[in-house]
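The values are calculated or read from the model by the stated rules, or taken from the named source; none is laboratory data. Because the structure is predicted, anything quoted here is derived from the model rather than measured. Here Cβ is always computed from backbone atoms with ideal geometry, including for glycine, and neighbour counts include all displayed protein chains. SASA here: full protein model, heavy atoms, side chains in, ligands and nucleic acids out. Shrake-Rupley method; radii C 1.70, N 1.55, O 1.52, S 1.80 Å.
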Number of protein chains: 2
Amino acid sequence: MGVTRTPRERWIEQGLQALAAGGPDAVRVEALAKELGVTKGGFYGSFADRDALLQAMLDTWERESTDEVIDRVEREGGDPKTRIQRAGVLTFSGDRLLPIDLAVRDWARRDEAVAERLRRVDNRRMALLRDMIGTFCPDADEVEARSLIAFCVAIGEHFLAADHADRTRAEVLVRAADLLLDRPTRTTAPSSEDRPGHRPGR
Amino acid sequence: MGVTRTPRERWIEQGLQALAAGGPDAVRVEALAKELGVTKGGFYGSFADRDALLQAMLDTWERESTDEVIDRVEREGGDPKTRIQRAGVLTFSGDRLLPIDLAVRDWARRDEAVAERLRRVDNRRMALLRDMIGTFCPDADEVEARSLIAFCVAIGEHFLAADHADRTRAEVLVRAADLLLDRPTRTTAPSSEDRPGHRPGR
């Protein structure tokens, strides 16, 4: 995202923030106008109606979650195991994409069109995982199982309230990634880059 | 649960159904009374107020999700790998506990007391996983990582929209369980008992 946004992009961004915070019902043109400090009338210069905004928001989320992540992972290089981990960090950590992703997942339970789009996004993510895990795992059934597990850990750990006694969640996630990616266990302290899908401050 | 319920139990059960379907805001005394076909006044014979109902609902969910699952798993016996799988099936499949569990998880994001209770429940589940995985895995760090992964798969797979080409989700989950539990891969078709945490019809 550029620093300077068009009015249309500002509505989309504010809409995504509202979605992340309160679900699709929180995406109300009047409330967004107030937050943006503009009049409600300006909205209709950029969008035909609220539904057009919702579509544009989903388009933005889909592009950022797939093409932009994949482009960046390819650009930054590294071996497949490093690239998997980077894709996970880009998608499921940080303050921006993760809360939108979880809100879209919740929305998809009640809206068939959103469910269809989520399926497309998740299928692209699974394809990426399969490709990378397939570089070191020769059994196609096992590649599929490891890809499913990796994806479930990236999402599921945000829903899990359990503690880990004298270990931090980040430490346990590093060991889980070692198992999934068939890596030798490391003994050094994990860096923040090693924390797949961990939201800061949780 | 017995077939015959006290009035108090009927309010709790109806409240849990409302929570599963629409979150805590959907738990409204008037709506529950209508669904139960009784007057709103009867509510106050069983509960001091709505908050008392919410507490009783959470008590019921906690007891069913922990003590009752653990009792049943112990009673039915089997080796640790069978018992883990049975605990997962009892907790995360079927129509009753899973939707309540996901609703409580969502609620916990906005309510500190619910978050505290969820932490207690998840910690008991993690303790069970650790005990059972510890029977065949000698490394404590790896036990923790495998327990986290197993729990994340049980929850996360319900949020995942990805397809698996010519495999069913159930087949991929069986292979994932084989990996997690360090079991030899099976070649026979999976029975429904082998589907950890899979909700029918999804």
| request: Select from segment B:125-170 the residues that are open to solvent by 50 Å² or more (accessible area, probe 1.4 Å) and in contact with a Pro (Cβ under 6 Å, 6 or more places away or on another chain) and list them in ascending order. | output: B:Thr135
| request: Just need a number here: residues in segment A:63-88 that are open to solvent by 30 Å² or more (accessible area, probe 1.4 Å) and either in contact with a Cys (Cβ under 6 Å, 6 or more places away or on another chain) or of a type outside the set (Lys, Arg) (or both). | output: 10
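Taking the residues in segment A:87-100 that are free of Cβ contacts under 8 Å to residues at least 40 places away in the same chain and outside any loop (DSSP other than H, G, I, E, B) as candidates, determine which candidate is nearest to the chain's Cα centre (by Cα).
Restricting attention to segment A:87-100, the residues satisfying the condition of being free of Cβ contacts under 8 Å to residues at least 40 places away in the same chain are A:90, A:96-97.
The next check asks that each one be outside any loop (DSSP other than H, G, I, E, B); those that pass are A:90, A:97.
Numbers: A:Leu90: 7, A:Leu97: 5 Å.
That would be A:Leu97.
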| Scope segment B:142-168; condition of a type in the set (Val, Ile, Thr) and within 7 Å of chain A (Cβ to nearest Cβ); matching residues | B:Ile149, B:Val153, B:Ile155
| remark: Within segment B:46-67, residues being over 17 Å from B:Arg130 (Cα atoms) and free of Cβ contacts under 8 Å to residues at least 12 places away in the same chain number 7
| task | Could you tell me whether any residue of segment A:158-165 is closer than 18 Å to A:Thr82 by Cα and among the hydrophobic types (A, V, I, L, M, F, W, C)? | result | no
| request: For segment A:42-55, indicate whether the set of residues that are outside any helix (DSSP H, G or I), more than 13 Å from chain B (Cβ to nearest Cβ) and at pLDDT below 90 is non-empty. | output: no
| Of all the residues that make up segment A:7-30, how many are over 24 Å from the mean Cα position of the chain (by Cα) and either surrounded by fewer than 15 Cβ atoms within 10 Å (Cβ to Cβ) or closer than 21 Å to A:Glu64 by Cα (or both)? | 2
| task | With the checklist (1) open to solvent by 60 Å² or more (accessible area, probe 1.4 Å); (2) under 29 Å from B:Ile100 (Cβ atoms); (3) at pLDDT 95 or above in hand, flag the one item A:Arg109 doesn't pass. | result | (3)
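In segment B:129-141, which residue that is part of a loop (DSSP other than H, G, I, E, B) and hydrophobic (A, V, I, L, M, F, W, C) is nearest to the other protein chains (Cβ to nearest Cβ)?
Here the answer is B:Cys137.
Test B:Asp166 against the stated conditions and say whether it is over 17 Å from the mean Cα position of the chain (by Cα) and in contact (Cβ under 8 Å) with a residue 40 or more places away in the chain.
Answer is no for this residue.
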| query | Within the set of pairs 6+ apart or on separate chains, which have a first residue in segment A:103-128 that is more than 8 Å from every other protein chain (Cβ to nearest Cβ), a second that is among the basic types (Lys, Arg), and C-beta atoms under 9 Å apart? | reply | A:Val104/A:Arg117; A:Leu128/A:Arg83
